[in-house]
Amino acid sequence: MIKKNISRRSFIKKTGVITSIISFSSPSIFSSSTDDKRIIVIGAGLAGLSCAYELDRAGYNVLLIEARSRPGGRVSTFRDQFSDNLYSEMGAEYVDSTDMYVQEYCRRFNLKILPARQYDGIYVRGNKLSMDRIRSGIDNLPYNGSTKGKLFGQEVNYIQKWIDLVNKKGINSEEVQALDKLSVEDILKEGGAPNDIIELYTYANATESTTIPSKISALAMILSNIKTSGFNENTVEGRIFGGNDQLPKMLAKKIENRIKYNSPLLRLDHNSDGLSVTIKDNGKQIKISAAKCVLAVPTTILKDIEIYPKLSNEKIKCIHEQAYGHAMKIAIQFKKRFWDNSDSLGARIFTDTVLRRVYHFSIDQPGPRGIMLSFTSGKDAIKLGKLSNVDRDKITKNTFSKIWKDAPEFWERAVSKYWNEDKWTKASYTFSAVGQKNFREILSKHQDPVYFAGEHTAIQRASMNGAIESGFRVTDELKKAMNNL
Ligand SMILES: Cc1cc2nc3c(=O)[nH]c(=O)nc-3n(C[C@H](O)[C@H](O)[C@H](O)COP(=O)(O)OP(=O)(O)OC[C@H]3O[C@@H](n4cnc5c(N)ncnc54)[C@H](O)[C@@H]3O)c2cc1C
């Protein structure tokens, strides 16, 4: 045990296992204040950026440490890979009307949000279906037990019993909370849903949970049905006009002297007096001391960082077990926008093929070239993720040709990004798995002087908005803690 009144210097010496200790003395980074007010934020995704930016605005002495050479984390706009200044979102894409933190930052930084295109067509079980004909009830989805007139939300008919239970007994009742022991598949089966509906849910829910219905908590699914009207084919989604990376870049610019890139955190030593972080910098290990630290990295990364003394057992359990799905994006540059031809199924397609969601991305960019984006997840992302780029391309091209016969003629190049193989993410984004209802609360709880941000700690998890929400939450927690110092 480390004694509480040990000085920071001797504490760091006693707990460090470092080959070389170099004091970090760049004046541009740690300005005049003493250790007592320093806050180190780890991870320049939207969670870490918003936290560091808000703390800086409030007058705190912040240092933001990032493993990569760029800000944004899972917000990643590819710009150099395409011709004619085309770009593509390879990570976070959509901003909803309820995403108040993103909307507020966009207003503050004069970034416009451009509505995305709605679904035009469906390609499932080898059938091409027009969305208009599905909407108007002329054509049916080829899934046993589905309701006419809609694509998304087909599961609702089979979960009414539990929606009624929540309305009658309340969210916090034992009966409702017990749903966390069951999966979405369990309750759909119990509610009489045919296997087809369970399969369709996998695809319809693919971007929300990036996994399969047998892994998702039934409680999370029922509550999301009650709290929100649910995503459907008429939901208007937006994207930041000109590329989502502008938001993290704007935040980073505001605090550019306070960010240190290419410096992964290796180790954190802490006690009630303060802490030291060990980072890699130009091949060397260096230590930096501070009063507080915010860890804003995914739990898939956090689990491999050495932290002494260890975090609480419940926190360690959640860090190791937090569920994430699999996600991949594939951007394809075409010579011509053949999807606008009159005989095409359309420019935004829902499909049960490995591509899952395919849509014209470059709607705000001039042609004639254009980018089609596939957002695939779950088993299909795993399957493609195991392949070489050449084999990924082959399967993608072949699948495109089934949906649009003209695709091979205009195909130029494909670029893929599989987030589960990304060194600094190793995941897609969190979902609430069976038995994980308390995880968010445990993961977000601070263990002074260590604080936790990131989408996995947010109420609106798995989103840019959630990441920023967590940045604001930790800023508030730190302001309270620092005022008492
Ligand atoms: C394919 C995909 C599609 C998505 N689509 C949407 C969408 O449409 N809408 C939406 O709102 N959200 C979407 N998301 C989710 C959204 O991207 C995330 O919820 C959000 O960006 C997470 O931000 P964060 O700051 O919590 O984590 P991250 O963005 O992962 O930031 C963590 C940062 O920590 C850094 N880091 C890691 N290890 C270390 C280390 N050891 N030392 C220092 N730094 C380290 C990383 O490099 C990274 O910059 C999507 C995500 C993916 C992957």
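The values are calculated or read from the model by the stated rules, or taken from the named source; none is laboratory data. From a predicted model like this one, the values you see are computed outputs, not experimental measurements. Cβ placement follows ideal geometry from the backbone for every residue including glycine, while neighbour counts extend to all protein chains displayed.
Show me the helices (runs of 4 or more DSSP H) found entirely inside region 1-115 where at least 3 residues are modelled with pLDDT of 95 or more and surrounded by fewer than 17 Cβ atoms within 10 Å (Cβ to Cβ).
By residue number, 100-108.
Can you name the residue in region 231-250 that is in a helix (DSSP H, G or I) and within 11 Å of the ligand (Cβ to nearest atom) and, of all such residues, is surrounded by the fewest Cβ atoms within 10 Å (Cβ to Cβ)?
So, considering only residues that are in a helix (DSSP H, G or I) and within 11 Å of the ligand (Cβ to nearest atom), the one surrounded by the fewest Cβ atoms within 10 Å (Cβ to Cβ) is LEU247.
Being touching a strand residue (DSSP E or B) at 6+ places or on another chain (Cβ under 9 Å) and in contact (Cβ under 8 Å) with a residue 24 or more places away in the chain: is that true of LYS336 here?
So LYS336 passes the test.
Of all residues in region 460-470, which are more than 8 Å from the ligand (Cβ to nearest atom) and either among the small types (Gly, Ala, Ser) or at pLDDT below 95 (or both)?
Selection gives GLN460 alone.
In region 427-457, which residues are charged (D, E, K, R) and under 20 Å from GLY43 (Cα atoms)?
Of everything in region 427-457, those that are charged (D, E, K, R) and under 20 Å from GLY43 (Cα atoms) turn out to be ARG440, LYS445, ASP448, GLU455.
Out of PHE452, PHE472, report the one residue that is in the same structural domain as ILE307 (by TED's automatic domain parsing) and surrounded by fewer than 21 Cβ atoms within 10 Å (Cβ to Cβ).
Just one listed residue meets the conditions, PHE472.
Does ASP132 satisfy the criteria of being part of a helix (DSSP H, G or I) and either under 21 Å from GLY346 (Cα atoms) or at pLDDT below 95 (or both)?
Taking the combined requirement at face value, the residue satisfies it.
Kindly establish whether GLN447 is away from the ligand (no atom under 16 Å from the Cβ) and either surrounded by 21 or more Cβ atoms within 10 Å (Cβ to Cβ) or within 30 Å of ARG267 (Cα to Cα) (or both).
Yes, satisfied.
Return the total of residues in region 191-219 being hydroxyl-bearing (Ser, Thr, Tyr) and either in the same structural domain as LEU355 (by TED's automatic domain parsing) or part of a loop (DSSP other than H, G, I, E, B) (or both).
Qualifying residue count, region 191-219: 3.
Within the bounds of region 283-304, is there any residue that is at pLDDT below 95, over 24 Å from SER444 (Cα atoms) and not basic (Lys, Arg)?
Scanning region 283-304 turns up at least one residue that is at pLDDT below 95, over 24 Å from SER444 (Cα atoms) and not basic (Lys, Arg).
More than 16 Å from the ligand (Cβ to nearest atom) and without any contact (Cβ under 8 Å) to a residue 12 or more places away in the chain: which single residue out of ASP80, ASP120, ASP84 fits that description?
ASP80
Hey, can you tell me all the residues within region 427-485 that are touching a residue at least 60 places away in the same chain (Cβ under 8 Å) and acidic (Asp, Glu)?
Scanning region 427-485 gives ASP448, GLU455, GLU469.
Considering (1) modelled with pLDDT under 95; (2) in a helix (DSSP H, G or I), say which one ARG440 fails and leave the rest.
With respect to (1) modelled with pLDDT under 95; (2) in a helix (DSSP H, G or I), ARG440 is out only on (1).
Would you mention how many residues in region 396-422 are over 15 Å from the mean Cα position of the chain (by Cα) and assigned to a loop (DSSP other than H, G, I, E, B)?
Counting residues in region 396-422 that are over 15 Å from the mean Cα position of the chain (by Cα) and assigned to a loop (DSSP other than H, G, I, E, B) gives 3.
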